[in-house]
Amino acid sequence: MTAETARAPRRLLPRLAASRWIWSFVGAAAVWIATIAFTHGQGATEILTSALTFSAFFVVVGIGQMFVITAGPGNIDLSIPANIALSGALAMMVMAGADTMIPLGVAAAIGCGVLVGCLNYALIRVLAIPPIIATLSASFFVQSVAIAYGRGLKIKPPPGFSAFTTGQVMGVPILAACIVVLAVVMAVVLHRTLYGRAVSAIGQNPRAAELAGLSVGRTRFLTYVLSAALAGLCGALLAGFSGGASLNMGEEYLLASIAVVVIGGSSVAGGASNVPGIWGAALFLYLVVTMLNTFGVGAGIRLVLTGVIIIAVITLAGGRPTGRR
Amino acid sequence: MTGALDAPRAPAPAPMLRALASPRVMRALLPAMSMTILLVAIFVVQPRAMSYFGLNLMLNLALPIAFATIAQMFVITVNDLDLSIGGFVSFVACVGATFLNDTPLLGVVVLAGCIAVYAALGALVHLRNLPSIVVTLGMSFVWLGLSILLLPTPGGTAPAWLVAIVKFKMPFVPFAILMSVVLALVVHVALMRSAAGVVLRGSGGNPLAIAKAGWSLLKLKVTMYAFAGFFGVLSGLSLVGMTTSADANIALRYTLLSVAGVILGGGEFVGGRVSPIGAVIGALTLALAGSLLSFLQISPDWQIGAQGVILVVVLALRALVNRAEARAR
């Protein structure tokens, strides 16, 4: 299916219309237009700039969650918020405000993520329990470690790291540009590498994939480690962006990571995913909140509408039964 | 599976003992054993807890968790997961502390509407073949938003009759224990021992067979979600009766606690395998874990972590039992 569409030399427009991810960009654009129509064009570019910045964080964790969801029904990573809290705190501790320690701090955060990923997969494998429970139990533990060591942590990120995470070149956030590159790399990994193809194959039919000689266990292991490593990276970036790590900074990323995958047009049943849709969906989610803020609604109504929109979008987009398992 | 079949083949001197050691019984006893171990540990560390007053104090807040766990169990039975139960219980608590007190009739209508919303969610998830995780995560935003609209700041007052029921001082046995036992038994009989219960569980265990037998999977799923909403309402009401006032974030942690409780109690994510008695015990175990930690003077920072560890240990034991069973076959 995916190989066919990739090979068929079709024209761009029909191909775009046929792809499921384009709708997330259409939605994001519609919300943006509605917002600037309300403000009579004021702040149009500023809104886009901040949308790019904040969406970048959604995209980082969303890509990891996408690989996990692609690996088939039941696969999901619920440890992302706890992971972000711990990795962010760890990155700030290692960097200790010194520019020279930035690479080491980022590496520590990613390393912390890798460890969480290993813990997740070890629980799934050794205890033979569903990933939901395994990643949930792991996240309980990770959250506790983060609370115990991260409480009252008031370490500012190094100036260089803050500048990188908040800086802009001609209105384009540096961080967002880097994450676009990351997304391109991950799209290549998903569609063009043996590992990425194996993840999709396992998501479509694990038995067939195994009979075809793919190592299901190793692929799943790599997938959980990848997701957790990206969550770790997100933790470091988020701490740099918000001027220090806080314990609850990962909270909203559980819903966001799953929502961007689904709204982006990837199949929830696994096996059929795409990366561009994650960017579209992340922009959409952020712009919806911006729009509601611009309209001046209170926190309560904003939350209700956010929830309703998410449910409406997946009812419209995610409802098509995939038919292949 | 093993106990009954093995008995004639090997004339064991004590068939009762053999039956007790069978993996099936072991698995069923695991939740109760973990709670007993926890209780014994608590009594050893703090003997004064072994009293009416001590138990009452420790188990007071366990009852709402038990209700929420049962609600979660109904959803898990049909192979779904409810990530909005914490937000829902908070909302019910807010309704209990506002509408139900000020305009009781409106309060009852709102709560009935909540159950209808749950039923509608079940229909939506079934008809559009949606992932329950995403739908309920979206709903968690809706409930939280509604709670904030109702009670922007913590406050409200629980109706006096509700407080009187929840704080009712039973002779000899703390009310929370009695209610937990009643809850476990009623749901057990309804879901595990009745004909309707078999069909309801079957809609999660083998939907194809149930559909072929002429049952409407839609109706079954709607029923199960409605039950989840009903027990969510009970959870919120018992919580607000205990705390006498509410706030929008009051029960957000129930989402994870309830999932953990169901799993601790022997529930599995596939095939409608659940245990109502186990789920209640699982909820009590998680609630008691907090007490033990504070008696041990361990920082509350580690409370969630300890719950995670308990979960992993019990699951590890169950994996061992399962492996023993696989070997025996």
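Here are the numbers for this structure:
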item	result
Positive-pole candidate from A:I202, A:A212, A:I278, dipole of segment A:170-303, charges at beta carbon	A:A212
Segment B:97-136-segment A:54-132 distance, computed between alpha-carbon centres (Å)	34 Å
Three-way shape call for chain A based on the alpha-carbon gyration tensor, with the a/c threshold at 1.5	oblate
Overall form of chain B per C-alpha gyration tensor (a/c, 1.5; a/b vs b/c)	oblate
Value of relative contact order over chain B, rounded to a whole percent, pairs C-alpha under 8 Å and six or more apart	34 percent
Residues whose placed amide H lies under 5 Å from that of A:V172, excluding near-sequence neighbours	none
Nearest-20 debye value, segment B:55-322 charge dipole, Cβ charges on Lys, Arg, Asp, Glu	620 debye
For chain A: relative contact order, % (alpha-carbon pairs under 8 angstrom, 6 or more apart)	34 percent
Within chain A, helix-based [θ] at 222 nm, where runs of 4 or more DSSP H residues each add -39,500 (n - 2.57), nearest 500	-24000 deg cm²/dmol
Under 15 Å, Cβ to Cβ, from A:Y224 - net charge with Lys/Arg +1 and Asp/Glu -1	+2
Local net charge near A:M92, Cβ-Cβ under 11 Å (Lys/Arg +1, Asp/Glu -1)	+2
Mean-position separation - Cα centroids, segment B:141-166 and segment B:227-260, in angstrom	10 Å
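Bear in mind these aren't lab numbers, they're just calculated from the coordinates by the rules spelled out. In this text the structure is predicted, and so the values were computed from the model without any measurement. Neighbour counts are summed over all protein chains in view; Cβ atoms, including those assigned to glycine, are modelled from backbone coordinates with ideal geometry.
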